[in-house]
Every structure is written in C-alpha cells, then in structure tokens.
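In what follows, a single structure is set out as structure tokens and then discussed.
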Amino acid sequence: MNFCRFVLILVISLPAVSFAQNKFEIPPELKASYEAINQRSVTAAVSFLASDEMKGRDTPSPELTIASAYVAARFKAAGLEGLGDNGSFLQTTEIATSAVPVSGVTLKQNGKAVKHFGLMSAGDAISYQGQVQLVTGDEPRDTTFEGPISIVAEPFTGPRDQFNLMRRIARYRGKGASAILIQVDQNHPLIGSAKRATRPRIVQTRGGIAGAVLLIPKMELTGKFDLELPGQINGQAKVSNTIGVLRGSDPELSKEAIIITAHLDHVGLKGIVGDTICNGADDNATGVTGVVTLADAFGALKTPPKRSVIFMTFWGEEKRFLGAYHYVNNPTWPLGKTVCNINIEMIGRPEPGGFEKAWGTGWDKSDLGPLLNEGSQKAGVLIFSHPQFSGEMLFRSSDNFPFFEKGIVAHSFSAGSLHEDYHQVTDHVEKLEIRHMTRVIQGLFAGSLHLASGEVTPKASAVQR
Ligand SMILES: [Zn+2]
C-alpha cells in the first residue's frame, strides 16, 4: 500500500469519526447536522475562497463577484430560501469607482521626456508648464501651494510609513497642490499600487487618496516641466451581499430571526515583487466558511428551529463595513424582528491554549456571549470573554457594529488572535488549524441553535452605549 493511498484512506475516514473523538454526545436528531460540519467540507470552502485565483477578494473586483456566486450556490445547496433581490440570494447595489487611465501621461524636463512609474491615482485632467517645487515637510505649517509639487518617499519599513505618506499627500492636497510627484526608488512598493490603480477602485469618502499622484524616479527638479496628466475614469461597479433564510417552524416565532454573518471581502493585492496577493485565509475566508457550513448544518435539520435563521455575507467590510451598512439601511427582514447578529471573524488560528475556544467582542454589552456559550458547551466548545480582545475596540471593528447602531444585539466571535499575517500576503490556508476551526463551527452551531430554538432571547445590557 503506497503512502499516499494510505493517507487518502486516512483523510477520507477522519471527518466521519471526528466528532466521535470529541467528548460530547450528539442527539440523534442533530447527527446529520454535525456530520455536515466536517474538516473536508471546511477545507474545501476555505481553500477555494483563499486561493490565489481569488486575488484577495477586494471590493470591488471580479473575484469578489465570483465568491458571492459561490456563497449563493452554497446557500441554495443547503436548502435556504433567497432573501436578496426578487427572492434571489444576492442583494446587489452599485458603488462609484474610479480608475487611473492606462496611458496619457506626459512628463518632460527642459523638453526631454522623463521616465515615470505611473499614476497612483488621478483626479481632474492636468496640463501644466512651469517649475516643480520640492517639498520636504519642514515648511511652515501654514505654507500653501499652487500647481504640482514633488516629495520624496523613502522605502517603507512598515504599514505606519504608508499611512503617514497618505496623510502627507492629503495634507498637501488640502494646501492647494494640484498634483503630487512622488520620487521613489525603482523597487518601491508604491509602484505596485500604481500598477494596480488601473483596476476600478471604490471611491472612498474617508482615508483613500484622491487627485493626481504620479510616481517618478529620484531626480533634481531643475528647469521647466511639461506635465500632462489624464483625468480619472469614473465608473460604477456591482457588489453584492449574499442572503439566505431557513424559515422557522413556529407560526409566531418564525417571524423573528437570528442573523449569522461574515464578511466575504478582503484587501486584494499589495506590494510589487513576489507574492502580491493578500489571500485573506483567516481574514475572513474562515468566517465565510463558518457561515456556509452552519447553513449546511441548519439545512440538515429534520425540523427547522422555531425562529428563522438568516445567513449572510458582506462586501466592503475592509472599507469600513459598507456592505453591512447597506443591509441595515435596506434590510430584507424587519430590523425590529431581528433578535441578534452573530458575526464570525477569523476563526482559523487558535492562540496557545485556545483550541476549541472562541471569544466575543464587546462582551459586556449584552448576554449574547454567555447564552451562546450555554449552547456551545453541549458541543464541548467554550465561548468566553477574552481578557485582551473582548472590549470596546474590536467591538467597533467589524460588521456587527452597524447592527448595534440600529439597536440590535450584535457581536463578533473570533477564535484566535491578531497574528502577524493579519492583512499580509502571508495569511495563507496552510497556516489555518482546520480541526480547531471545525470544532468552533460545531460550537457556534450548538450555540446558535440554542438561540434559534426560542428558549432564550439575548438582551442588551443596561450600559450598552
Ligand atoms: Zn476581517
């Protein structure tokens, strides 16, 4: 028997007996549901969503659209009913985008063409002849500018440098600079951003860069410049939340629903050399895998729970919860009949001692965490208040927050830590702990089943705001 056939037999047999190895009794009526939560299907879903082909699922991108179609197909297979547009599984909207034109830049110094590294962003078209001032940052704070200026960007040593540079650009733009020529070395990561700037990007109201930013080599700015910069290409892109419902079995309680969510998007591409794909395995292909696998588990129940259960994935979380805001402002289920939101974030990388455990954000804001734990304990999974992560900060850092702002009990549940691969090209599937993740999903099933049964109703704590 060769090694790989042995391994194959081992892998095939593993999931079927996995829960038998776990120290909890499965009521016969839930057997099919727990069997639906297995390492094989978890591996399949998370590997697809975090594959290089998904190019980091940026908002907007063709890859995110494909990922939404995948989730919709999973909801359909789980036997859910569409709760999106016209009974479909997609709640689609259009967002404004801007892109940098592929060509049209002219840069001459004293009549001689100067090689450039491309536009990182564009604004209105610019045609300029004259001097270009070098700005070092030592100018008096009240200095204002006219026309294009130039700054030097040193190599990045960390995300902080990129953030500071974006702030400088925004400041100089606010001081009147019509265009910013950034001088960089030829392997500077910004060049990667310029290369990708031709892909339509969401027009951001906060934090994004706007206006003409051209990357040039380091140079003396002597003499007269001729600068022609094309305007940005404005457009629209379609983005979708995916939404499906398992209608409850009780005539009254089925009008109420618990909502289980996760964000589908990630940050896309980064850098210029080598691996530029932020695969977003833990953030948040694991959360989406949790949602579609829970849909399978609930869909496998002979009798649906008394309350309805809604499953949803969002676009635009990395752009500050845009998909979740779109939903709570255009709900397809009455917000007043929405019992709670269980948002799943990053459940694939347990910290030491964290195996088969998950924690909730903003723990003290309601009793949702303790209630979920009451149920998850039946599957041998602990849901607890994490000394470091269960406070305010992370509570406001994911898609549960727009629901909370609408007065709904809403928390995120994670099962790991903010590890060094967070938002990096190194957030790969191979680093996930699939057994842990599968167990946590089993725990979330047991916990949310407890809520969907109608036996308990989470309440916001008095001091929730
Ligand atoms: Zn995330």
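Quick one: dipole size for the stretch 54-104, taken about the Cα centre, charges +1 on Lys/Arg Cβ and -1 on Asp/Glu Cβ, in debye to the nearest 20. Don't jump to the answer; show the numbers that get you there.
Numbers: 4 positive and 5 negative charges, 41 e Å.
Dipole about the Cα centre, nearest 20: 200 debye.
Net charge of the neighbourhood of ILE243, taken over other residues with C-beta under 11 Å away and scored Lys/Arg +1, Asp/Glu -1, is -2.
Write down the percent of antiparallel bridges among all DSSP beta bridges whose residues are both part of the stretch 101-231, to the nearest 5.
Values: 14 of 26 bridges.
Restricted to the stretch 101-231, the bridges split so that about 55 percent are antiparallel.
What angle do you read, to the nearest 10 degrees and between 0 and 90, between the alpha-carbon axis of helix 434-452 and the longest principal axis of the chain? Its long axis makes an angle of about 70 degrees.
Under a Cβ-only charge scheme (Lys and Arg +1, Asp and Glu -1), can you give me the dipole magnitude of the stretch 101-231 about the Cα centre, in debye to the nearest 20? Working shown, then result.
Values: 17 positive and 11 negative charges, 92 e Å.
In total the dipole reaches around 440 debye.
Of the residues ILE347, SER178, VAL239, the one whose Cα sits farthest toward the positive end of the charge dipole of the chain, with +1 on the Cβ of Lys and Arg and -1 on the Cβ of Asp and Glu, is SER178.
Output the relative contact order of the stretch 273-416, whole-number percent, from Cα pairs under 8 angstrom with separation of 6+ residues. Walk me through the numbers on the way to the answer.
On the way: 191 pairs, mean separation 42.7, N = 144.
This gives 30 percent for the stretch 273-416.
Pairs spanning more than 28 Å between alpha-carbon atoms, out of LYS76/LYS365; LYS31/LYS306; LYS55/LYS238; LYS112/LYS195: LYS76/LYS365.
Rounded, prolate or oblate: which one fits the stretch 101-231, using the alpha carbon gyration tensor with axes a ≥ b ≥ c (rounded when a/c is under 1.5, else prolate when a/b beats b/c, else oblate)? Provide the component values of the computation, followed by the final result.
Values: a/c = 1.30, a/b = 1.12, b/c = 1.16.
Rounded, since a/c falls under 1.5.
For the chain, the longest principal axis of the C-alpha atoms and the axis of helix 159-174 are separated by about 50°.
Taking every protein chain into account, the 1.4 Å probe leaves GLU317 with about 10 Å² of accessible area, to the nearest ten. The overall shape of the chain is prolate: from the C-alpha gyration tensor, with semi-axes ordered a ≥ b ≥ c, the ratio a/c is 1.5 or greater and a/b exceeds b/c.
Measuring between their Cα centroids, the stretch 335-399 and the stretch 210-231 lie 50 Å from each other.
Considering only protein heavy atoms and a 1.4 Å probe, what is the carbon-and-sulfur percentage of the accessible area of the stretch 101-231? Intermediate values should be presented prior to the final figure.
Values: 3640 of 7000 Å².
Heavy-atom surface of the stretch 101-231 belonging to carbon and sulfur, 1.4 Å probe: 52 percent.
Label separation (GLU430 vs MET166): 3.0 nm, computed from points 7 Å beyond Cα along the C-beta direction. Using the Karplus relation 6.51 cos²θ - 1.76 cosθ + 1.60 with θ = phi - 60°, the per-residue 3J(HN,Hα) values for the stretch 42-57 come to 5, 4, 4, 5, 5, 5, 5, 5, 9, 6, 4, 4, 7, 6, x, 6 Hz, with x marking Gly and Pro. Provide the FRET efficiency to the nearest 0.05 for the ASN86-LYS337 pair, computing r from the beta carbons and using R0 = 25 Å. Using R0 = 25 Å, I get an efficiency of 0.75.
For the stretch 284-348, trypsin sites (Lys or Arg not before Pro) meeting the loop criterion (DSSP other than H, G, I, E, B) and having at most 13 other Cβ atoms within 10 Å: LYS302. Rounded if a/c is under 1.5, else prolate if a/b beats b/c, else oblate: with a ≥ b ≥ c from the C-alpha gyration tensor eigenvalues square-rooted, which is the stretch 155-252? Prolate, since a/c reaches 1.5 and a/b exceeds b/c.
The Cβ shell under 12 Å around THR144 holds other residues with a net charge of +1, Lys and Arg each +1, Asp and Glu each -1. Note on LYS108 and THR303: the model spin-label points, each 7 Å out from Cα along the C-beta direction, lie 8.3 nm apart.
Taking packing as the residue-averaged number of other Cβ atoms within 10 angstrom, the listed peptides 442-449, 124-131 run from highest to lowest as 442-449, 124-131. Computed from Cα positions, the angle between helix 3-21 and the longest principal axis of the chain comes to roughly 60 degrees.
Relative to the Cα centre, the charge distribution of the chain, modelled as +1 at Lys and Arg Cβ and -1 at Asp and Glu Cβ, gives a dipole magnitude of about 400 debye. With all protein chains in place and ligands, DNA and RNA left out, the 1.4 Å accessible area ranks MET219, MET437 as MET219, MET437, largest first. Among beta bridges identified by DSSP and lying wholly in the chain, the antiparallel ones come to about 55 percent.
Per-peptide packing, taken as the mean over residues of other Cβ atoms within 10 Å, places 395-406, 170-181 in the sequence 395-406, 170-181 from highest down.
Just want to confirm a number: the relative contact order over the chain, from Cα pairs under 8 angstrom separated by 6+ residues, in percent.
Numbers: 1047 pairs, mean separation 93.7, N = 465.
20 percent.
Tell me, what is the percent relative contact order of the stretch 107-239, built from C-alpha pairs under 8 Å that lie six or more residues apart? Provide the component values of the computation, followed by the final result.
Numbers: 231 pairs, mean separation 62.7, N = 133.
Once normalised by length, the contact order is 47 percent.
For the stretch 278-334 versus the stretch 237-275, the inter-centroid distance based on Cα atoms is 3 Å.
The values are calculated or read from the model by the stated rules, or taken from the named source; none is laboratory data. All values reported here derive from a predicted model rather than from experimental measurement. Neighbour counts are summed over all protein chains in view; Cβ atoms, including those assigned to glycine, are modelled from backbone coordinates with ideal geometry. Calculation scope for accessible area: heavy atoms of the full protein, side chains included, ligands and nucleic acids excluded. Shrake-Rupley method; radii C 1.70, N 1.55, O 1.52, S 1.80 Å.
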